[in-house]
Amino acid sequence: MCALQAPTNFQTQSPGDVIINDFAFSVATANGSGSQTSNNVLVQTLFNMGIPVNGKNLFPSNIKGLPTWYTIRASKDGYTARRATTEIVVAYNSATVVEDVHDLPSGGVCIIRDDIQRMAPQRDDIVTYVVPIKDLMNQADVPSAFSKRVENMTYVGAVAQLFDIPLDMIYTSLLKNFNGKAKPAEMNFAVIQLAYDYFKENVEKVDPYRFEKMNGTAGKILITGNEAGALGAIFGGVQVVSWYPITPSTSLVDGIITYKHLRNDKETGQSTVAVIQAEDELAAAGMIIGAGFAGARSMTATSGPGISLMAEFAGLAHYAEIPCVFWDITRMGPSTGMPTRTSQGDILFTYYLGHGDSHQFCLMPGSPEEAFEFGWRAFDLAEQLQAPIFVLSDLDLGMNNWMAEPFTYPDEPVKRGKVLNAEQLQQFIGEHGSWGRYLDVDGDGVGYRTIPGTDHPMAAYFARGTGHDEYAVYSERSDTWLKNMARLKHKHYHTGRQMLPQPIIDYDESKSIGIITFGTNEPAIVEARDLLAAQGIETNYLRVRSLPLAESVLEFIKAHDRVYVIENNFDGQLHQIMKVEFAEQIANTKSLSLGDGLPMAARWIIDSILEYEG
């Protein structure tokens, strides 16, 4: 079997045709085959070469066996959104090889294992490089128990040789992946070396793609959003974490378990963070609400199905005004849906979570830096607003590696909000005549609270989910109910609206077209705006970072002739919230929503806007 099949109409590229650091490739394997290590090594190495890079993992929801694709994009211009098209495919899965080769663009490259080559469509407009898997693995000194998993390293060696990735940097990434353990790193590297040498000695390169060192990642880190959020929670003083495992949120709590030693008591060495795996999501929500009532900084992490189960408890925390934090790493719904695909489809449900007239405060990070910041800031906001705070991340941010600036230590003191100790409570009573848990003396909708155990005869109260008055006394009076609801509404739409993270805005009054989005759509929109500008379509931009919507969102809408609201859910849920909060004032907006389970790509945004602007 030959190692190379060059298309009859594909010419060897001249030096001027070389494409450097500006292409994407997809690795097609079977879930559970060990390819994640190989892919991580490639992404880490490209990052270490100074090349702006991202990796997007598209994996099935079963434990093992179904197809998985991992897309790696290098961009000399620094774009990090998913590319809708990949120029190169590593075809290592017999179940998808027909589709994988068929989807390659003309002039693309296929790296295929020899035992499935005959199954692939025959194309004369692409380059095909064949990897002799069996021969290479027969030469490798790999125990049979690891052979199937390690064989994916053959494509790492092929990619390294074909596209000029230094082997010494590959080895450095392997060591990092295996936490400095030389034995597994050397076993895997030996297979990489075999494949590299084979391609160097037997294969003529006839495609135009290559990598080259640059300086596009200096000072940056690679990290997942879940790891970033976990670190933020640790730095924010989290004390109680209760959760029930669910994809894609589990690695956030795993991160807290990994990093909680940073908060060990300096004198005793004992942990100051309690992590509890509850029997279900309902129990997890109940535990963090109880902990929040007791004065602890508490949180849970879940996804859409868990949020559904937590709805009643969320309503309790909202109405009884108990600080706690819920992370929703959103996946595709409804129902079980596609649990390993990304989505922004929980925003509408979560914002109004809880029966009756419930409104929740929501934070929407769009990067690892914001996941870290909101990780600690959510606790401050929960205690200042005396309310649950929902952090709406998604699978793309949570589980994929992102480039980020190193995180900065919070430069603000911990904000506990209106908490009275015994001395302060006595002073409060002296100034106001009495104290009531839900008494609003400042006009901001937020009362003063005490922590159980406060040594004062007037400190105790019932944290009621039932109707109650300013003194936490049970009441079914309609006027008392309406007064309480009006206070909660004022807290939500006035105090909270001003206190929550404000939108990121890029505005030039000469531009008449605006774009509004939230979360992880930002990289695709940054790229789309540049490409639209090259076609003469200039845009302004606003990224929402919290709910309720800031007043600046409406100001932004009013300043434009047309505003496109772009979101990664099927129903345009942010646009629906805008219509509720701003009503007839947003007639100039147009909802552009997708919700296909994939991270947003610039191409779809451009095509969608051009339908109206072209």
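Out of the residues in the range 187-238 that are closer than 30 Å to ASP328 by Cβ and among the charged types (D, E, K, R), state the one that is surrounded by the most Cβ atoms within 10 Å (Cβ to Cβ). Once the filter is applied, the top-ranked residue is GLU227.
If only one of VAL159, VAL130, VAL142 is in the same structural domain as GLY65 (by the TED database), among the hydrophobic types (A, V, I, L, M, F, W, C) and part of a loop (DSSP other than H, G, I, E, B), which one is it? Reasoning before the result, please.
Numbers: VAL159 fails: part of a loop (DSSP other than H, G, I, E, B); VAL130 fails: part of a loop (DSSP other than H, G, I, E, B).
Of the residues listed, the single one that is in the same structural domain as GLY65 (by the TED database), among the hydrophobic types (A, V, I, L, M, F, W, C) and part of a loop (DSSP other than H, G, I, E, B) is VAL142.
Looking at ILE246, is it assigned to a loop (DSSP other than H, G, I, E, B) and among the hydrophobic types (A, V, I, L, M, F, W, C)?
Details: assigned to a loop (DSSP other than H, G, I, E, B): yes; among the hydrophobic types (A, V, I, L, M, F, W, C): yes.
Answer is yes for this residue.
The set of residues in the range 156-180 that are surrounded by fewer than 17 Cβ atoms within 10 Å (Cβ to Cβ), at pLDDT 95 or above and of a type in the set (S, T, N, Q) contains only THR172.
Annotation: THR330 fulfils all but one of (1) over 26 Å from LYS489 (Cβ atoms); (2) outside any strand (DSSP E or B); the unmet one is (2). What about ALA528, is it more than 24 Å from HIS494 (Cβ to Cβ) and open to solvent by less than 70 Å² (accessible area, probe 1.4 Å)? Considered against the rule, which asks whether it is more than 24 Å from HIS494 (Cβ to Cβ) and open to solvent by less than 70 Å² (accessible area, probe 1.4 Å), ALA528 comes out as yes.
Being farther than 18 Å from GLY496 by Cα and hydroxyl-bearing (Ser, Thr, Tyr) is the filter; apply it to the range 404-462 and report the residue that is surrounded by the most Cβ atoms within 10 Å (Cβ to Cβ). Going through the qualifying residues, I end up with THR450.
Check every one of the strands (runs of 3 or more DSSP E) wholly within the range 358-443 and list those with 1 or more residues that are out of contact with any strand residue (DSSP E or B) (no Cβ under 6 Å at 6 or more places or on another chain). Walk me through how you get there before you give the answer.
Numbers: elements: 361-363, 388-394, 401-404.
Result: 401-404.
Can you name the residue in the range 118-132 that is touching a Ser or Thr at 6+ places or on another chain (Cβ under 7 Å) and open to solvent by 10 Å² or more (accessible area, probe 1.4 Å) and, of all such residues, is farthest from LYS200 (Cα to Cα)? In this case the residue turns out to be MET119. Check whether at least one residue in the range 568-588 is at pLDDT 95 or above and part of a strand (DSSP E or B), and report yes or no. There is no residue in the range 568-588 that is at pLDDT 95 or above and part of a strand (DSSP E or B).
Taking the condition surrounded by 15 or more Cβ atoms within 10 Å (Cβ to Cβ), of a type in the set (A, V, I, L, M, F, W, C), in a loop (DSSP other than H, G, I, E, B) and touching a residue at least 12 places away in the same chain (Cβ under 8 Å), does VAL241 pass? Judged against the criteria, VAL241 is not a match.
The set of residues from the range 556-570 being closer than 15 Å to ASN521 by Cβ and open to solvent by 10 Å² or more (accessible area, probe 1.4 Å) comprises just one member, PHE570.
Within the range 494-505, can one find any residue that is in contact with a Gly (Cβ under 9 Å, 6 or more places away or on another chain) and under 20 Å from PHE349 (Cα atoms)? So far as the range 494-505 goes, yes, one or more of its residues are in contact with a Gly (Cβ under 9 Å, 6 or more places away or on another chain) and under 20 Å from PHE349 (Cα atoms).
Scan the range 143-155 and tell me whether some residue there is of a type in the set (Ser, Thr, Tyr), farther than 22 Å from PHE47 by Cβ and modelled with pLDDT under 95. Within the range 143-155, one or more residues are of a type in the set (Ser, Thr, Tyr), farther than 22 Å from PHE47 by Cβ and modelled with pLDDT under 95.
Of all residues in the range 292-311, those that are under 12 Å from TRP327 (Cα atoms) and at pLDDT 95 or above have Cβ atoms under 8 Å from Cβ atoms of residues that are among the basic types (Lys, Arg) and in a strand (DSSP E or B), 6 or more apart or on another chain, in SER303/ARG331; GLY304/ARG331. Screening GLY417 against (1) touching an Asp or Glu at 6+ places or on another chain (Cβ under 6 Å); (2) at negative phi; (3) small (Gly, Ala, Ser) leaves a single unmet condition, (2).
Output the residues belonging to the range 322-339 that are closer than 18 Å to TYR351 by Cβ and buried (at least 24 other Cβ atoms within 10 Å of the Cβ).
Passing the criteria: CYS324, VAL325, PHE326, TRP327, ASP328, ILE329, THR330, ARG331.
The values are calculated or read from the model by the stated rules, or taken from the named source; none is laboratory data. All of these numbers come straight from a predicted model, not from anything done at the bench. In this analysis, Cβ positions are derived from the backbone assuming ideal geometry, glycine residues included, and neighbour counts consider all displayed protein chains. Ligands, DNA and RNA are excluded from the accessible area calculation, which covers all protein heavy atoms including side chains. Shrake-Rupley method; radii C 1.70, N 1.55, O 1.52, S 1.80 Å.
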